[in-house]
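The values are calculated or read from the model by the stated rules, or taken from the named source; none is laboratory data. Here the structure is a predicted model, which means the values were calculated and not measured. FYI the Cβ positions are ideal-geometry reconstructions off the backbone, even for glycines, and counts take in every protein chain you see.
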Amino acid sequence: MTSDLTPHFEDVQSHYDLSDDFYRLFLDPSQTYSCAYFERDDMTLEEAQRAKVDLSLGKLGLQAGMTLLDVGCGWGATLRRAIEKYDVNVIGLTLSKNQATHVQKSFDAMDSPRSKQVRLQGWEQFDEPVDRIVSIGAFEHFGRDRYDDFFKMAYHVLPAGGVMMLHTIIKPSDEEFADRGLPLTMTKLRFIKFIMDEIFPGGDLPKAAEVEEHAAKAGFTLTKKQPLRLHYARTLDIWAANLQARKDEAIAIQSQEVYDRYMKYLTGCADLFREGYTDVCQFTLVKP
């Protein structure tokens, strides 16, 4: 283990605890803040987010009564769907106070006898047996110096035959950059710096090979890898259009500066995914 495994509370809260009301302006009603899956071309954002959650949960082999750990559970859409569809017990981990409060309220309103827990806690502090793990859009915040520790934890808490579905944004390898003919212009580099400094401080994108290497080092077998790059471009386009349509409310809730910053982030990231500078991928990992 690395010497200091304090969760990155401050970095995560600086983004996700901005204001739930602000995020509601551009997210779908389930408040799913990750790449949607447009299984059909005519899907609404809400339908495509549900399809992404179903795609993710469908890779886990969930059975009634199992316990599912969601690392970086957001506003809880995946946890609620898992309870409704698979009748499982759930534990959600988040570093965001706003998200933890929201998820707890939504759990309190659910009519299910299953155990439903949300914890303001990092995976670094987790050490309990679970049957399955899902993690969507959180790995980007862990920091590459902690990859080995994360996969070690996941391998340790899962049973033999246990499955983890890891969904993360990735960056191309140097070879992929060359193959795609992607020029790293100053404009692109400045935008990437803006994202890392002003939107996701502490964030770091892995390459697909790094995810696979660190997972294998812990003992996992990769059984499926599914890229969703253009689905994220479309998701970001819709978020940007939604926020733009509610510009006045966004400025009233936050400020012109925050509105402008988020429009720059959403539209610029949509372009990165469309052009191939970034990708997003689901890795299905099994403990033999």
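Taken over the range 155-201, residues that are in contact with a helix residue (DSSP H, G or I) (Cβ under 8 Å, 6 or more places away or on another chain), free of Cβ contacts under 8 Å to residues at least 60 places away in the same chain and within 30 Å of P129 (Cβ to Cβ) amount to 0. The helices (runs of 4 or more DSSP H) found wholly in the range 20-111 and carrying at least 3 residues that are free of Cβ contacts under 8 Å to residues at least 40 places away in the same chain occupy 45-58, 77-86, 97-108.
Among the residues of the range 115-128, those identified as in contact with a strand residue (DSSP E or B) (Cβ under 8 Å, 6 or more places away or on another chain) and in a loop (DSSP other than H, G, I, E, B) are S115, Q121, G122, F126, E128. Checked against the criterion of being part of a strand (DSSP E or B) and either of a type in the set (D, E, K, R) or surrounded by 19 or more Cβ atoms within 10 Å (Cβ to Cβ) (or both), the candidates K225, K188 yield just one match: K225. With respect to the stated conditions, E198 fails to be surrounded by 15 or more Cβ atoms within 10 Å (Cβ to Cβ), of a type in the set (D, E, K, R) and not in a loop (DSSP other than H, G, I, E, B).
Tally the residues that are crowded, with 16+ Cβ neighbours inside 10 Å, within 18 Å of the chain's Cα centre (by Cα) and not in a loop (DSSP other than H, G, I, E, B), restricting the search to the range 141-152. The qualifying residues number 5.
For Q254, the conditions (1) surrounded by 13 or more Cβ atoms within 10 Å (Cβ to Cβ); (2) modelled with pLDDT of 95 or more all hold with the exception of (2). If the condition is being within 24 Å of G76 (Cβ to Cβ), β-branched (V, I, T) and not in a strand (DSSP E or B), then the range 153-185 contributes only V157.
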